[in-house]
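Here is the structure we will look at, set down as structure tokens.
Each reported figure results from applying straightforward, stated rules to the coordinates on display, with no laboratory input. Computed from a prediction, not measured in an experiment: that's the story for all the values here. Because the Cβ atoms are built from the backbone with ideal geometry, glycine has one as well, and the counts that use them run over all protein chains shown.
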Amino acid sequence: MTAEPAGSVPHKAFDTILTLDFGSQYTHLITRRLRELNVFSEMLPCTQKISELDFTPKGIILSGGPYSVYDAGSPHVDPAIFDLNVPILGICYGMQEIAYRADPDNVIAGTHREYGLATLKPQMINSHVDRLFQGLEGSMRVWMSHGDKLAKLPEGFHTVAISENSEYAAVAHGTKPIYGLQFHPEVTHTPNGTKLLKNFALGICGCEQNWTMSAFMDQEIERIRNLVGEKGQVLGAVSGGVDSTVAAKLMKEAIGSRFWAVLVDNGVMRLNECEQVQKDLSEHLGINLTVVDASQQFLDGLSGIEDPEKKRKFIGSKFIDIFEAEAKKIEEAAADSDRAGKIEFFLQGTLYPDVIESLSFKGPSATIKTHHNVYATLPIIPALCLCLIEPLRSLYKDEVRELGRALGIPEQLVMRHPFPGPGIAVRILGEVTPEKVEIARRADHIFISEIREAGLYNQISQAFAALDPSRAVGVMGDKRVYGYMIILRAVTTTDFMTAESFEFSWPFLQRVTNRIINEVHGVCRVTYDITSKPPGTIELE
Ligand code: GLN
């Protein structure tokens with residue numbers, strides 16, 4: 001049994017633009033761009049009932065979407081948005097929806113589909129309707145992706161911009177703050193798109209640019225204190241990764257040692273990682289940390305498992321067993337201490353992209369998950385009967401990093417590359433043995449140290465060395481030897497959905513290769529993986 005979860009709710013404290021999603025692949029970019037402008041924005045599915053909102057947005061954006069508004073079964077927004085008396089901006093499908101609401105004959109299938117760049121010419125008619133284009137009087141490049149179009153202007157609207165193919169590339173109501181764009185301002189292919197969104201959020205909606213991580217930090221610490229109470233205690237797993245470190249430090253600031261962090265050494269962490277994380281979290285950040293050395297249990301259990309999924313499953317379930325046992329011990333210890341009461345909460349580092357994923361509109365036939373259902377899909381530990389506390393669930397990764405800086409976490413920790421939960425186990429193809437873990441660890445350590453040394457760490461999104469257990473032949477000291485192959489991988493990406501391999505200089509790769517061959521016993525070939533994602537993935541298993 002899990003009680004009501006406790007994610008942060010910035011819309012209660014910060015001016016908020018509500019973005020309603022009609023299923024476009026770009027919707028999350030709208031919220032991102034607004035937040036880059038220090039304006040908080042939250043996404044909900046287009047089916048959201050306005051009467052069920054627990055806040056009043058300063059403005060609403062209707063996203064694009066793959067449907068045609070005039071088709072039976074296409075999604076439509078709750079008409080109550082028009083009674084909220086807040087500014088509305090429709091983007092592509094969103095604009096077509098506004099026009100269709102006024103009169104279904106307003107939207108038709110166009111004869112020309114328009115995908116790609118177009119040149120937009122703002123018309124500059126009067127100060128009300130042109131507010132969106134303030135400071136953007138000249139022609140500009142915009143990115144279009146549509147087949148439908150407005151057949152005529154909805155009543156009361158004006159054309160504020162045209163393109164070669166779109167008579168109604170941008171429209172605005174003559175007196176009400178309702179705007180529509182046929183193109184996508186949220187994508188980088190529309191270079192001035194952010195200025196348009198800024199004009200909407202600041203000039204038209206009147207949002208304050210108060211969404212900063214230091215403001216969020218203060219507000220969140222306060223909220224956590226109120227939620228947990230004077231005696232409540234919170235338990236959480238940490239890995240040394242950015243998310244769990246930032247969440248743990250936030251908890252520490254809020255409730256001190258009534259937050260209990262647990263680090264499980266699963267035997268497949270990187271070289272010296274467990275000691276390093278212990279030092280960073282406990283000594284430097286002052287977090288109340290318990291380290292559990294379960295490496296032997298993990299390595300024993302991994303023996304003989306070759307299938308990647310089975311490895312992942314084994315590590316996941318073993319982790320829960322160990323964590324649960326540790327939680328019980330901590331609960332007993334905590335109950336004895338006079339500083340506090342029962343452990344009632346479990347900290348989880350869920351980020352906004354996971355939330356967005358479960359809130360995005362999946363199509364008219366899909367079951368629409370409600371805001372609340374998001375929580376039910378998360379991997380909680382039922383036996384602990386704890387209530388989830390998720391301070392990062394409204395943040396993007398770069399915001400988490402910024403929050404880490406606001407909390408005084410050193411740059412090196414804030415900028416750490418992601419590391420998978422099953423660790424090195426999924427960087428060893430096939431069966432994991434202590435010998436292979438050691439080899440992969442040492443090779444990885446050399447690769448990462450050289451990357452740091454060359455000043456490349458922050459230019460790369462994720463880098464590691466993996467081990468291919470195939471035996472390759474080599475000649476070392478005139479002797480024929482057979483050794484494992486090391487696969488180096490380094491990628492750059494903004495969202496980890498797509499990625500490119502990083503272009504190292506030849507001397508750099510030679511240096512790393514020489515060092516690995518010379519310093520890591522048991523390796524006789526080093527390769528560099530230049531596969532992009534897709535079709536590859538970032539990790540090898
Ligand atoms: N389906 C609509 C069209 O083709 C909307 C597309 C969009 O929102 N990108 O015009």
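Using the alpha carbons of the stretch 191-284, what is the convex hull volume per residue in cubic angstrom, as a whole number?
Spelled out: Cα convex hull of the stretch 191-284, divided by residues, is 147 Å³.
Nearest 0.05, what FRET efficiency do Ile530 and Lys479 give at R0 = 30 Å with Cβ-Cβ as r?
0.45
Per residue of the stretch 463-478, in order, report the coupling 6.51 cos²θ - 1.76 cosθ + 1.60 (Karplus, θ = phi - 60°) as ³J(HN,Hα) in whole Hz, putting x for Gly and Pro.
9, 6, 10, 10, 10, 9, x, 4, 8, 10, 8, x, 10, 10, x, 6
Please arrange Glu164, Glu326, Glu541 by how many other C-beta atoms lie within 10 Å of their C-beta, fewest to most.
Glu164, Glu541, Glu326
Give me Leu153, Leu117, Leu413 ranked fewest to most by other Cβ atoms within 10 Å of their Cβ, as a rough exposure proxy.
Listed from fewest to most nearby Cβ atoms, that is Leu117, Leu153, Leu413.
Based on DSSP, what percent of beta bridges with both residues in the stretch 398-541 are antiparallel, to the nearest 5?
If we restrict to bridges inside the stretch 398-541, about 70 percent are antiparallel.
Quick one: compute the contact order of the chain, relative version, from alpha carbon pairs under 8 angstrom and 6+ residues apart, as a percent.
Value for the chain: 13 percent.
Multiplying the sequence separation of Thr537 and Ala454 by 0.36 nm and subtracting their Cα-Cα distance, what value in nm do you get?
Taking 0.36 nm per residue and subtracting the Cα distance, the gain is 27.3 nm.
Using each residue's phi in the stretch 264-274, evaluate 6.51 cos²θ - 1.76 cosθ + 1.60 at θ = phi - 60° and report the 3J(HN,Hα) Karplus result to the nearest Hz, with x for Gly and Pro.
Whole-Hz 3J(HN,Hα) from phi for the stretch 264-274: 9, 7, 9, x, 10, 8, 7, 4, 6, 5, 4.
May I ask you to list the aspartates and glutamates whose Cα is less than 15 Å away from that of Lys328, ignoring any residue fewer than eight positions away on the same chain?
Result set, ordered by chain and number: Asp336, Glu344.
Can you work out the Karplus-derived ³J(HN,Hα) for every residue in the stretch 391-398? Use 6.51 cos²θ - 1.76 cosθ + 1.60 with θ = phi - 60°, whole Hz, and x for glycine or proline.
These are the phi-based 3J(HN,Hα) values: x, 9, 5, 9, 10, 7, 4, 5 Hz.
Once amide H atoms are placed 1.01 Å from N in the peptide plane, what residues at a sequence separation of 5 or more from Phe183, or on another chain, have their amide H within under 5 Å of its amide H?
Placed amide hydrogens put Cys92 under 5 Å from Phe183.
So if the hydrodynamic radius of the chain is defined as the Kirkwood radius over C-alpha pairs, what does Stokes-Einstein give as its diffusion coefficient at 25 °C and 0.890 mPa s, in µm² per second?
95
Amide H neighbours of Gln48 under 5 Å, at least 5 residues apart or on other chains, H built in the peptide plane: list them.
So Gln48 has HN proximity to no qualifying residue.
For the stretch 426-511, which GluC sites (Glu not before Pro) are both in a DSSP coil and crowded by at most 15 other Cβ atoms within 10 Å?
Glu431, Glu503
Sorted by mean Cβ packing within 10 Å, highest first, what order do the peptides 485-497, 271-283 take?
485-497, 271-283
Between the stretch 193-262 and the stretch 32-47, what's the alpha-carbon centroid distance in Å?
Distance between centres, Cα-based: 16 Å.
Give the lysines whose C-alpha is closer than 17 Å to that of Lys152, dropping any in the same chain fewer than 8 places away, or say none.
By straight Cα distance, Lys152 reaches no lysines at all.
Amide H neighbours of Gly7 under 5 Å, at least 5 residues apart or on other chains, H built in the peptide plane: list them.
Amide H neighbours of Gly7: Glu390.
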